[in-house]
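Data block below; observations after.
The values are calculated or read from the model by the stated rules, or taken from the named source; none is laboratory data. These numbers come from a predicted model, not from an experiment. Here the Cβ positions follow ideal geometry from the backbone for every residue, glycine too, while neighbour counts run over all protein chains shown. Ligands, DNA and RNA are excluded from the accessible area calculation, which covers all protein heavy atoms including side chains. Shrake-Rupley method; radii C 1.70, N 1.55, O 1.52, S 1.80 Å.
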Amino acid sequence: MTLPKTTAELRALDAAHHLHPFSDTKALNAEGSRVIVKADGVWLTDSDGNRYLDGMSGLWCVNVGYGREEIADAVSKQLRELPYYNTFFKTTHTPAIELAAKLAELTPPQFNRVFFTGSGSESNDTVIRLVRRYWDIKEKPEKKVIISRRNAYHGSTVGAANLGGMAPMHAQNVAIPGVVHIAQPYWWGEARQGETPDEFGLRTAQALEATIDALGEDRIAAFIAEPIQGAGGVIVPPATYWPEIARICRERDILFVSDEVICGFGRTGKWFGCETFGTHPDLLVMAKGITSGYMPLGGVMVADRVVDVLLEGGDFNHGYTYSGHPAACAAALANLAIMQREKLVERVADDIGPYLKARWSTLAEHPLVGEAPMLGMVGALELTPDKAGRRKFPEVGKVGTLARDFSFKNGLVMRAVRDRLIIAPPLVLSHGEADELVARARKTLDDSWTELKRWGWVG
Ligand SMILES: *Cc1c(COP(=O)(O)O)cnc(C)c1O
């Protein structure tokens, strides 16, 4: 078979045979998808030769940037040596062993054991299995309920989608029992008039305590949360939020799960988001940045106090064919070696993180921008017709999509969540590229402003 070469031919085949995730495939087919053909550093190239600065690290994952020969070589070597073997039935293999030990070294001290999966969604399904198993072994089988937050994202398998609090997903999903959602710490979107971020952060955190009391502590298995909500729109909680959550989790007999699929592996300027916010999780969920997206891999770190119980419970009847896939583990080991050698986590904390934040923050002065939060290498621009009143546009999502499309035209990949633009660039972004990113974002805001004036939606 000779492969089609032109963009039009590729688009036609894509439209004929490919159902896209989180897409209106019919509308997409009418428009034609963008075909990405190669990438290097922080730059993507499409099939027409256009170049884009990838402000989203793919889907929040390419932390070390594209084009790392070292990872490609490690995967290739592993595929030649042992492309696959499982870790069921009393067997293991070197890449899984080495990566497990490496993760025990990099994660906070309570973590010494990992359960490998193929993705973030599988990891969160594993979380459901693990926490319920834990309470069963402790002879508290009535502790089944997992508390999560509205507008959380924990993945797209049935279990993970239920943990998540995405209304459009729940609208298409058959709910599983035992998941309860509480408020999210989204000050801009949900605080009362006159409520300071600190007051709001405290009130939102205390919803956890109130919910535990209302349902009964003897029914609650765990609380799960992302340190910073990613897909929900890069919601950086007020400073009062995490200390209060940490207090509640300490005082109550429940497990705390930190979903670090985005915040893990340097994104917030420490190895893990729980270290940035001072929480003490019992389970830590990983995927994305663990391999910088070069191979699919996920995992759940399990704290010693949970492992001690699980080990008394006999068989744990759970696992995936690709749990600890050798080539994926090899990719992770090469990726983590790069991160350590190039001190990328330190770079986010001391160099490119503060550099980008200083420039990004200036976008808050734009008339279209309500707030421009950034922490580490993840940030947002809340678009609003009225900063002071924190007003929303008449139709939610339309302005976000408009701005997102302008951003692509300006050669910058940003993502839109409702009317909020978000970025999470690779941790290797240079100072010059950070300047370029902010310049293109500013142009995008100007273009959007001009168009919205034409609509009569601003000014
Ligand atoms: C992406 C994501 C997931 C799901 O990971 P997949 O690999 O897509 O299954 C889970 N949790 C968070 C916080 C994520 O951002």
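So here's what we get for this one:
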item	result
Which listed residue, of ASP419, ASP405, is in contact (Cβ under 8 Å) with a residue 24 or more places away in the chain and either in the same structural domain as VAL236 (by TED's automatic domain parsing) or among the acidic types (Asp, Glu) (or both)	ASP419
Unique match (being more than 14 Å from the chain's Cα centre (by Cα) and either among the acidic types (Asp, Glu) or open to solvent by less than 40 Å² (accessible area, probe 1.4 Å) (or both)) among ILE254, ILE224, ILE235, ILE262	ILE254
Matching residues, the stretch 115-149, being surrounded by fewer than 22 Cβ atoms within 10 Å (Cβ to Cβ), farther than 15 Å from ILE224 by Cβ and touching a residue at least 12 places away in the same chain (Cβ under 8 Å)	GLY118, SER119, ARG133, ASP136, ILE137, LYS138, LYS140, GLU142
Scan of the stretch 35-64 for residues that are among the charged types (D, E, K, R) and surrounded by 17 or more Cβ atoms within 10 Å (Cβ to Cβ), ordered by number	ASP54
Residue count for the stretch 238-248, restricted to those that are surrounded by 15 or more Cβ atoms within 10 Å (Cβ to Cβ) and in contact (Cβ under 8 Å) with a residue 40 or more places away in the chain	6
Helices (runs of 4 or more DSSP H) within the stretch 100-192 that include 3 or more residues of a type in the set (A, V, I, L, M, F, W, C)	120-137, 158-163
Filtered residue count, the stretch 273-291, keeping only those that are in contact with a Phe, Trp or Tyr (Cβ under 8 Å, 6 or more places away or on another chain) and assigned to a loop (DSSP other than H, G, I, E, B)	5
Scope the stretch 302-345; condition under 23 Å from ILE254 (Cα atoms), open to solvent by less than 40 Å² (accessible area, probe 1.4 Å) and not in a helix (DSSP H, G or I); matching residues	VAL302, ALA303, GLY313, HIS318
Breaking point among (1) within 16 Å of the ligand (Cβ to nearest atom); (2) part of a strand (DSSP E or B), for GLY264	(2)
